[in-house]
Amino acid sequence: HNIRVCQNDSTGSSNCGTCEKCIRTMTMLEALGKLRECRSFPENDIDVERLYYLQEYDMLFDPEQIYLYKMAVPLLEKRGRHDLVEALNRIFDTFFEKRSAVSG
């Protein structure tokens, strides 16, 4: 109930639920089956639309970020969150396509 990860709140008093760090943490908590118990975010669920904020607002710029999200995929699959897995896989594909187009 006391976790604070937000990069948008300089006071450290709350999490916005929409920045990359909040989305990543919420994704991992969902993968672990703990997000619904967490009261540190504005909502205790994560949906596909929130994941797509990562693309819409160009929040992913480092393959290490992708690696961290990929760690959640098997756990999300096991929990039956195929909607999130499908969205993440599309986000990963777009990230690497975009990166390849820039470098190649």
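The values are calculated or read from the model by the stated rules, or taken from the named source; none is laboratory data. Worth saying up front: this structure is predicted, and the values here are computed from it rather than measured. Counting neighbours? That spans all protein chains shown, and the Cβs are built from the backbone with ideal geometry, glycine included. The area values use the complete protein model at the heavy-atom level, side chains included, leaving out ligands, DNA and RNA. Shrake-Rupley method; radii C 1.70, N 1.55, O 1.52, S 1.80 Å.
Across region 31-38, not a single residue is classified as under 10 Å from the mean Cα position of the chain (by Cα) and buried (at least 18 other Cβ atoms within 10 Å of the Cβ).
For region 7-30, which residues satisfy the criterion of being open to solvent by 20 Å² or more (accessible area, probe 1.4 Å) and over 18 Å from Arg81 (Cα atoms)? Hits for region 7-30 are Gln7, Asn8, Asp9, Ser10, Thr11, Gly12, Ser13, Ser14, Cys16, Thr18, Lys21.
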